[in-house]
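So the structure is just underneath, and the comments pick up after that.
The values are calculated or read from the model by the stated rules, or taken from the named source; none is laboratory data. What you see is a predicted model, and the numbers here were worked out from it, not measured in a lab. Using ideal geometry, Cβ is built from the backbone for each residue, glycine included, and neighbour counts are taken over all protein chains shown. Please note that ligands, DNA and RNA were not included when accessible areas were found on the heavy atoms of the full protein model with its side chains. Shrake-Rupley method; radii C 1.70, N 1.55, O 1.52, S 1.80 Å.
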Amino acid sequence: QRTVTVEEFPISTTMAGSLLEIEPGGLRELHWHPGADEWQYYIEGSAEMSVFLAEGIVVTEQFEAGDAGYAPMGSGHYIKNTGDGVLRVLIGFNNPRYESNDLSAWLAGNPVDILATNFGLPEEVAEKLPKEGHVFLPG
């Protein structure tokens with residue numbers, strides 16, 4: 001992921017952008033942007049994206065080169081490369097600063113007993129959850 005924000009491009013006071021390149025079978029893990037909507041333009045490859053919305057609503061779509069996708073601010077979403085080649089996605093954010101909350105980093109930042117209690121898991125299962133952030137997961 002290559003990201004350009006107002007820090008690198010000071011004239012960009014209302015938006016930031018990223019270029020994602022995901023290997024075949026790879027995944028941009030579940031994450032959410034607390035301060036921006038996300039617009040995607042699929043440049044190359046094929047993908048699946050799921051967006052997790054309010055009240056348990058999940059929308060899963062398939063994308064090919066030339067398609068556009070959208071994830072509203074605060075909605076959890078992931079992008080998975082479902083093709084045989086590299087997936088390239090151009091992403092725009094309506095905030096000049098990039099911010100992302102990644103699921104693995106969020107899990108790693110919470111004590112095991114808190115995770116076990118909130119997810120209704122035995123502590124030995126919660127202990128196996130990620131201990132570090134990943135952002136991209138290999139296929």
Checklist outcome for this item: Sorted by chain and then number, the residues having a modelled amide H within less than 5 Å of the amide H of Gly76, at least 5 places away or on another chain, are Phe52
Checklist entry - When only DSSP loop residues count, what GluC sites (Glu not before Pro) in region 18-122 have their Cβ near at most 15 other Cβ atoms within 10 Å? => result Glu99
Next on the checklist: With a 1.4 Å probe and all protein chains left in place, how much accessible area per residue does the chain have, in Å²?
Outcome noted: 56
Next on the checklist: Please give me, ordered by residue number, the trypsin sites (Lys or Arg not before Pro) of region 49-117 that lie in loop per DSSP and have at most 16 other Cβ atoms within 10 Å.
Outcome noted: Arg97
Item to check | Relative contact order of the chain, defined on C-alpha pairs under 8 angstrom at six or more residues apart (%) | outcome: 33
Checklist entry - Stretch Val58-Thr82 to full length: gain in nm at 0.36 nm per residue minus the Cα-Cα span? => result 6.8 nm
Item to check | Value of relative contact order over region 59-139, rounded to a whole percent, pairs C-alpha under 8 Å and six or more apart | outcome: 25
Checklist entry - Tell me, what ³J(HN,Hα) does each residue in region 110-119 have, in order and in whole Hz, if you take phi through Karplus 6.51 cos²θ - 1.76 cosθ + 1.60 with θ = phi - 60° and put x for Gly and Pro? => result 10, x, 4, 5, 5, 4, 4, 5, 6, 9
Checklist entry - What are the ³J(HN,Hα) values, in whole Hz, obtained from phi via the Karplus relation 6.51 cos²θ - 1.76 cosθ + 1.60 with θ = phi - 60°, for each residue of region 97-107 in sequence order, with x given for Gly and Pro? => result 10, 8, 9, 9, 9, 9, 4, 5, 5, 4, 4
Checklist entry - Within the accessible area of the chain, what % is carbon and sulfur when the probe is 1.4 Å and the other protein chains stay in place? => result 57
Checklist outcome for this item: Note, region 84-92: 3J(HN,Hα) by Karplus (6.51, -1.76, 1.60, θ = phi - 60°), whole Hz, Gly/Pro = x, goes 8, x, 5, 8, 10, 10, 8, 10, x
